[in-house]
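As structure tokens, the structure follows; a few thoughts come after it.
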Amino acid sequence: MLSLYLLVPLAPLLGAIVAGLFGKQLGRAWSHRITIALVAVSFFASLAIFEDVQDGHMFNGAVYTWLTAGDTSFQIGFLIDRLTVLMMLVVTFVSLMVHIYTIGYMEEDPGYQRFFSYISLFTFSMLMLVMANNFMQLFFGWEAVGLVSYLLIGFWYNKETAIYANLKAFLVNRVGDFGFLLGIALVLMVFGTLDYAAVFANAASHAKDLAPIPGMSVGLLTAICILLFIGAMGKSAQFPLHVWLPDSMEGPTPISALIHAATMVTAGIFMVARMSPLFELSDTALSFVMVIGGITALFMGFLGMIQNDIKRVVAYSTLSQLGYMTVALGASAYSVAIFHLMTHAFFKALLFLAAGSVIIAMHHDQDIRNMGGLRKYMSITHWTFLIGSLALIGTPFFSGFYSKDSIIEAVEYSHLPGSGFAYFAVVAGVFITAFYSFRLYFLVFHGEERFGKVHHADHAPASPGHAGAHADDGAHADAAAHEHHGLAPGQKPHESSWVVTFPLVLLAIPSVFIGYITIEPLLFGNYFKEAIYIATAHGSMAELAEEFHGPFAMVVHVVKEYPVWIALSGVVTAWFFYMKRPDIPAAIQKRFQAIYTLLDNKYYFDRFNDWFFAGGARGASRLLWKFGDVQLIDGVMVNGTAKLVGLFSGVLRHLQSGYIYHYAFSMIIGVFVLLSVRDLFE
């Protein structure tokens, strides 16, 4: 089976190499055929491995030794268990849908082959991350995902906002990755190995040890877990390292779906679930995780309520849902977090790709205030978008209902410090999610047709260059800068081509059914028993299992509870505000202008980061330049030394007269001074 395991990550890597190095020679058609075929090979190989794992065949072993330093070996190896294979299926399936969708979305882009190379390389990186059996390979995949996301977010590299966005994503992730690297270094220092199995087996013996941090009394495992989670805060965009994710919308829509659905942002969730044997030994770390998740779920949802860019609404939804997953991790409901990760991957990819279909139909205008009434022009996009929205808000029988409600109940059963706040955050988030999701749905697909009219002056235009104007060189950049976005007066939108709508239909199917089918085995059938460890003191999952009597009975039970009605009230409020009384939102905005300004400025995090971190770095650089370089190094050490030597030489020059009697006189004076000094000391 080892050759099959190797085939899963290496097939997309081969596609990336072929499209990247030989794309121009192969042409567009063969570039996408080869990359799609190889990602499909990876998906079907993952299916075969899934069947093998279901039969009880696991694998944990090294493929080869990369480096040996002293007594430590750094190896490339695979851990194939049920957690791994579930992630492999999600990553390869969503990636395959994104590859197919890209044919239509990037049809006229000059960087067509380059884009296919990047998304295949992204898939390879994520697969290496989830299949790792040691921290070294995990870090390799972690950093590779970050690097390729930098290339994809800034794909239109002549667009200033895209360059700013990818630089921002790269730098913010480096902050989290620094903590992640410190955590891995602490693991190596304490355990003497980076192998998962060896570390997990010896973790309990270090449960009472203190971390070797001077001046601090912190538990060793608490320090390791929090440092590792700081890495997850960067990758999975948790407060306060969330600021990069909304700006990543500057990349093409297919990569928005790939980054925000099944790959990069879920890496942190997967990592914490994989590290459950460590986190279960530190209640402090679990409480920290839960509170950070609660803050992210609640406050990022608020920001989604006021966005007017169609992709940014979905992006803030991703932030909020990642907060839900993180809260579940903190409540020791790791399987619930992975369950929501899986369901979210399908319906969030669906929402992003459907949003891209709308953007194509609107000639790249992304402002939802310029849309309306699109359902009669785009029936497939409309219905699939509605399915994704219903799944997102937790509509009974849809996939999001089972995973989202399980999170809410698991947090309710948690007794760790911070669980009360987290429970309030996820319950309040139910209304907020329903409100912004159906605000988006109603403004885009229902009501007055606002396209082809005077556009809002403050709307964010789509990324320049799609459909023939993507900025891949200077000429394209100049043309894109002056291109008009949006439908012309009298022009009507139309449904996208089949390569765009086909992935939407395929993603809509699991968005409806996957939760109903899989909740019982994943959460209550000991599916993750070999992969996830839960301490007996943390009983959320046990209490959740007692309340579960089947997926249908769960619907009946939950309908009697308030989360479903809270979600319904959010939908009704959005309908009333934006379909019946659109004057009310404007009046609320005017009445609470200070709060709206705070939300519109995203709690001023970007301004603070620009002022404190970026401005502070620039200020420190200017100080080092003016004082350190100009005055100290150039002024004192270089020029000062030269002046001192010149001054000393000028004095000596007057003593070198060339007359013998001057030198004899100097010698007599020198002898006199030496004799006088000797007499003083005697």
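The values are calculated or read from the model by the stated rules, or taken from the named source; none is laboratory data. It should be emphasised that the depicted structure is a prediction, and the values quoted were computed from it without experimental measurement. Here Cβ is always computed from backbone atoms with ideal geometry, including for glycine, and neighbour counts include all displayed protein chains. These area figures cover heavy atoms from the full protein model, side chains too; ligands, DNA and RNA do not enter into them. Shrake-Rupley method; radii C 1.70, N 1.55, O 1.52, S 1.80 Å.
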Handout entry: Exclusive hit being among the small types (Gly, Ala, Ser) and farther than 25 Å from GLY179 by Cα, set SER317, SER287
Key = SER317
Problem - Filter result for the condition that a residue is in contact with a helix residue (DSSP H, G or I) (Cβ under 6 Å, 6 or more places away or on another chain), more than 16 Å from SER403 (Cβ to Cβ) and at pLDDT below 90, over PRO489, PRO493 - result: PRO493
Problem - Pair list, Cβ under 6 Å, 6 or more apart: the stretch 616-637 residue closer than 28 Å to ASP606 by Cα, other residue assigned to a helix (DSSP H, G or I) and of a type in the set (S, T, N, Q) - result: none
Exercise for the section: Identify, from the list LEU47, LEU6, LEU79, LEU13, the residue that is within 14 Å of MET131 (Cβ to Cβ), modelled with pLDDT of 90 or more and either of a type in the set (S, T, N, Q) or surrounded by fewer than 17 Cβ atoms within 10 Å (Cβ to Cβ) (or both). Expected result: LEU6
Handout entry: For LYS311: the one exception among (1) open to solvent by less than 10 Å² (accessible area, probe 1.4 Å); (2) out of contact with any Ser or Thr (no Cβ under 9 Å at 6 or more places or on another chain); (3) of a type in the set (Lys, Arg)
Key = (2)
Fill in the blank from the handout: Expected output for the stretch 519-539 (first residue closer than 13 Å to SER403 by Cα and part of a loop (DSSP other than H, G, I, E, B), partner open to solvent by 50 Å² or more (accessible area, probe 1.4 Å) and of a type in the set (Val, Ile, Thr), Cβ below 7 Å, 6+ apart or cross-chain) is none
Handout entry: Subset tally (residues that are surrounded by fewer than 19 Cβ atoms within 10 Å (Cβ to Cβ) and part of a helix (DSSP H, G or I)) for the stretch 195-213
Key = 8
Exercise for the section: For GLY372, work out the one condition from (1) surrounded by fewer than 24 Cβ atoms within 10 Å (Cβ to Cβ); (2) in a helix (DSSP H, G or I) it doesn't fulfil. Expected result: (2)
Practice task
Take the residues in the stretch 16-25 that are within 16 Å of ASP109 (Cβ to Cβ) and out of contact with any Leu (no Cβ under 9 Å at 6 or more places or on another chain), then tell me which one is surrounded by the fewest Cβ atoms within 10 Å (Cβ to Cβ).
Solution key: LYS24
Problem - Residue check, VAL53 of a type in the set (A, V, I, L, M), touching a residue at least 12 places away in the same chain (Cβ under 8 Å) and more than 29 Å from ARG114 (Cβ to Cβ) - result: yes
Problem - Members of the stretch 242-279 that are open to solvent by 10 Å² or more (accessible area, probe 1.4 Å) and under 24 Å from LEU220 (Cβ atoms) - result: PRO277
Practice task
Could you list, in sequence order, all residues of the stretch 260-289 that are among the hydroxyl-bearing types (Ser, Thr, Tyr), outside any helix (DSSP H, G or I) and under 14 Å from ALA207 (Cα atoms)?
Solution key: SER282
Fill in the blank from the handout: Of PHE648, PHE665, PHE612, PHE592, the only residue that is under 30 Å from VAL430 (Cα atoms), surrounded by 10 or more Cβ atoms within 10 Å (Cβ to Cβ) and of a type in the set (A, V, I, L, M, F, W, C) is PHE592
Fill in the blank from the handout: Cβ pairs under 9 Å, 6+ apart or interchain, first in the stretch 349-373 and over 18 Å from ILE100 (Cβ atoms), second in a strand (DSSP E or B) and open to solvent by 10 Å² or more (accessible area, probe 1.4 Å), ordered by first then second residue, are HIS364/PRO461; ASP365/PRO461; GLN366/ASP309; GLN366/PRO461; ASP367/ASP309; ASP367/PRO461; ILE368/ASP309
Completion exercise
Note on GLN656: of the conditions (1) polar (S, T, N, Q); (2) open to solvent by 100 Å² or more (accessible area, probe 1.4 Å); (3) under 30 Å from LEU167 (Cβ atoms), unmet is (3)
Problem - Test: LEU227 is outside any helix (DSSP H, G or I), modelled with pLDDT of 85 or more, at negative phi and open to solvent by 10 Å² or more (accessible area, probe 1.4 Å) - result: no
Fill in the blank from the handout: Residue pairs qualifying under the 7 Å Cβ cut-off, at least six apart or on distinct chains, with the first in the stretch 226-243 being among the small types (Gly, Ala, Ser) and the second being open to solvent by 40 Å² or more (accessible area, probe 1.4 Å), are GLY234/VAL175
Practice task
Report whether or not PHE347 is hydrophobic (A, V, I, L, M, F, W, C), touching a Gly at 6+ places or on another chain (Cβ under 8 Å) and farther than 14 Å from GLN321 by Cα.
Solution key: no
Problem - Filtered residue count, the stretch 131-186, keeping only those that are within 30 Å of LEU83 (Cα to Cα), surrounded by 18 or more Cβ atoms within 10 Å (Cβ to Cβ) and small (Gly, Ala, Ser) - result: 8
Exercise for the section: Scan the stretch 415-431 for residues that are crowded, with 21+ Cβ neighbours inside 10 Å and hydrophobic (A, V, I, L, M, F, W, C) and report the count. Expected result: 5
Completion exercise
Exactly one of TYR402, TYR377 is of a type in the set (Phe, Trp, Tyr) and under 30 Å from SER282 (Cα atoms), and that one is TYR402
Completion exercise
Those residues of the stretch 1-16 which are over 15 Å from THR102 (Cβ atoms), touching a residue at least 40 places away in the same chain (Cβ under 8 Å) and part of a helix (DSSP H, G or I) amount to LEU2, LEU4, TYR5, LEU6, VAL8, PRO9, LEU10, LEU13
